[in-house]
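Colleague: Take this structure first; my questions come after.
The values are calculated or read from the model by the stated rules, or taken from the named source; none is laboratory data. From a predicted model like this one, the values you see are computed outputs, not experimental measurements. Heads up, the Cβs are rebuilt from the backbone with ideal geometry, glycines too, and the neighbour counts pull from every protein chain shown.
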Amino acid sequence: MADLRTEIEQLKKERDAVILAHTYQPAEVQDCADFVGDSYGLSLEASRTAASLIIFCGVRFMAETAAILNTSRTVILPEPLAGCPMAEMITAQELGQLKNRYPDHAVMCYVNSTAEIKAMADVCCTSSNALSIAKKLPPERGIIFVPDRHLGSWIEEQTGRQMVLWDGFCPTHLRITPEMITTARSEHPAAEVLIHPEAPHECRVLADAVLSTGGMSTYVEKSDNDEFIIATEIGLVHTLKTNTPGKKYYPVSDEVTCPNMKRGSLVSVRNALAGTGGEKVVVDSEVAAKALRSLERMLALSEDGK
Ligand code: 13P
Ligand code: SF4
């Protein structure tokens, strides 16, 4: 492993590359990255980087987003099979039908979507800025929200906006059950429960705070509390231990893992850097130009990702 890490460092310099990793990536991948963050932080980092090559350790929609935001850089997805099932749960044709049915509604899409869907939306969002963006959309208009019905219902509950939700979901966050939360609470009575908005309503109401992964990182750092039950993909526990050591983090269950995020490895990062593996992510230029508009609106409407 030490050899691989050395090789990665050398190749990174030779190729003028930056390694970006999502908080759900395996620990070894997070530890070799230049930046570890949530979807919003990674988008910002990708849009600003001076490096020529972006090695994107995450799932396809994230690498696509990086390629759309920074067309002058080459983006490599080390694990070409790492997709997000939720992003595939709505097609352009289905969103077209929804838009025809609700022509007066604004279209807001979760960043966990294909480039084609982003291209058809008025604005994009991540879980960290979804509430503030929904609040800023014209109040007289309803909102079509795709593809996550759970994030959508959370926005609806928190903002009171009139929303039309698509029936998409994250299979990983659907593994969280109310029983898991009550059991974890009884085992760790002093811990606060932090949950991701992709989790279902019946679980969210049992938590102390509903936060994106980036929001959880900030929360634990600032909190006076020392113990947390983490109800999201298990990889975040490693990020929290690294960023805010000295506190205790209990995954709500070891079963909450994303098989696509867990495809990542040091070997695939090395191969992507060496040019012997991974896939260069290319988005059709017309689609990319339209998708960029909804991503830029998101960046313009976000206040520090909140
Ligand atoms: P965030 O990184 O925005 O919290 O989203 C979690 C997620 O499921 C990404 O796929
Ligand atoms: Fe998609 Fe869920 Fe995996 Fe995130 S955790 S990449 S939403 S399947």
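Colleague: Under 8 Å between Cβ atoms, which residue pairs at least 6 apart in sequence (or on different chains) link something in the range 157-176 that is farther than 16 Å from VAL205 by Cα with a partner that is more than 16 Å from ligand 2 (Cβ to nearest atom) and aromatic (Phe, Trp, Tyr)?
Modeller: VAL164/TYR102
Colleague: Let me ask something else. Restricting to the range 3-29, give me the number of residues that are surrounded by 22 or more Cβ atoms within 10 Å (Cβ to Cβ) and of a type outside the set (A, V, I, L, M).
Modeller: 4
Colleague: Taking helices (runs of 4 or more DSSP H) that do not extend beyond the range 148-238, which have at least 2 residues that are within 14 Å of ligand 2 (Cβ to nearest atom)?
Modeller: 149-159, 213-222
Colleague: Could you please find all residues in the range 211-232 being among the polar types (S, T, N, Q) and within 16 Å of ligand 1 (Cβ to nearest atom)?
Modeller: Result: SER212, THR213, SER217, THR218, THR232.
Colleague: A further question follows. What is the number of the single condition among (1) free of Cβ contacts under 8 Å to residues at least 60 places away in the same chain; (2) farther than 16 Å from ILE181 by Cβ that GLU227 does not meet?
Modeller: Evaluating GLU227 over (1) free of Cβ contacts under 8 Å to residues at least 60 places away in the same chain; (2) farther than 16 Å from ILE181 by Cβ leaves (2) as the failure.
Colleague: With GLY142, GLY235, GLY152, GLY168 as the choices, which residue is surrounded by fewer than 22 Cβ atoms within 10 Å (Cβ to Cβ) and not acidic (Asp, Glu)?
Modeller: On inspection, the qualifying residue turns out to be GLY142.
Colleague: Right, here's the next one. What's the number of the condition VAL123 fails, among (1) farther than 22 Å from GLY214 by Cβ; (2) more than 15 Å from ligand 2 (Cβ to nearest atom)?
Modeller: (1)
Colleague: Just to confirm my filter: which helices (runs of 4 or more DSSP H) fall fully inside the range 26-102 and include at least 3 residues that are farther than 20 Å from VAL256 by Cα and of a type in the set (S, T, N, Q)?
Modeller: 92-101
Colleague: Separate question: Where residues in the range 44-59 are closer than 23 Å to LEU11 by Cα and within 13 Å of ligand 1 (Cβ to nearest atom), which of them is modelled with the lowest pLDDT?
Modeller: The extreme case among them is GLU45.
Colleague: List every residue pair whose Cβ atoms lie under 9 Å apart, where the two residues are 6 or more positions apart in sequence or sit on different chains, the first residue falls within the range 70-88 and is under 15 Å from ALA272 (Cα atoms), and the second residue, located anywhere, is assigned to a strand (DSSP E or B) and within 14 Å of ligand 1 (Cβ to nearest atom).
Modeller: Final answer for the pair search is VAL75/PHE56; ILE76/PHE56; LEU77/PHE56; LEU77/CYS57; PRO78/PHE56; PRO78/CYS57; GLU79/CYS57; ALA82/CYS57.
Colleague: Of the conditions (1) among the hydrophobic types (A, V, I, L, M, F, W, C); (2) in a helix (DSSP H, G or I); (3) within 14 Å of ligand 1 (Cβ to nearest atom), ALA119 clears all except one; give me its number.
Modeller: So ALA119 meets the others, but not (3).
Colleague: Given the criteria of a type in the set (A, V, I, L, M, F, W, C), over 26 Å from MET216 (Cβ atoms) and modelled with pLDDT under 95, does ALA106 qualify?
Modeller: no
Colleague: Quick test for you: out of SER127, SER132, pick the one residue that is within 16 Å of ligand 1 (Cβ to nearest atom) and either surrounded by 24 or more Cβ atoms within 10 Å (Cβ to Cβ) or in a strand (DSSP E or B) (or both).
Modeller: SER127
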